[in-house]
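As structure tokens, the structure follows; a few thoughts come after it.
No value in this document is a laboratory result; all are computed from the given coordinates. Please read all numbers here as calculations on a predicted model, not as lab measurements. Here the Cβ positions follow ideal geometry from the backbone for every residue, glycine too, while neighbour counts run over all protein chains shown.
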């Protein structure tokens, strides 16, 4: 009988821990950017060109953000969904690309592994990415 009571208590304790863990908000998977190159934009000392490779694991969510300049995204592998403020959702597959105007709020989501290359012409001395509400 005593073993049964101990086993029941252990099951209740494990269940309580599991419920506590499941009730915690789950952080979305984070994209993994790697800057490949930054160079001044010829003839324009106020802007620069940046090229960034981004690996997006399944469930990746960039959150709502914007850039201080134009962005061109091309998908190398997989598929991503980009929500662009004022222009709706775009699903891009390998080989497809999208231009996003400067200061336009966007959000990148991936339900499967994906890899993109991002080209930016952005204002120098500004952060590449800023979060948006």
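Normalised by the residues of segment 32-131, what does the relative contact order come to in percent, with Cα pairs under 8 Å and at least six apart?
Numbers: 269 pairs, mean separation 38.4, N = 100.
Over segment 32-131, the number comes to 38 percent.
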Residues of segment 87-131 with amide nitrogen under 20 Å from the 7 Å Cα-to-Cβ point of residue 79? 88-99, 107-117
Using the 10 angstrom Cβ neighbour count as an exposure proxy, how do 99, 65 rank, fewest first? 99, 65
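What is the ratio of the Cα radius of gyration of segment 32-131 to 2.2 N^0.38 Å, where N is its residue count, to two decimals? Let's see the in-between values first.
Numbers: Rg = 13.0 Å, N = 100, 2.2 N^0.38 = 12.7 Å.
With N residues counted in segment 32-131, Rg over 2.2 N^0.38 Å equals 1.03.
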So, with points 7 Å from each Cα along the Cβ direction, the residue 27-residue 125 label distance in nm works out to 3.3 nm
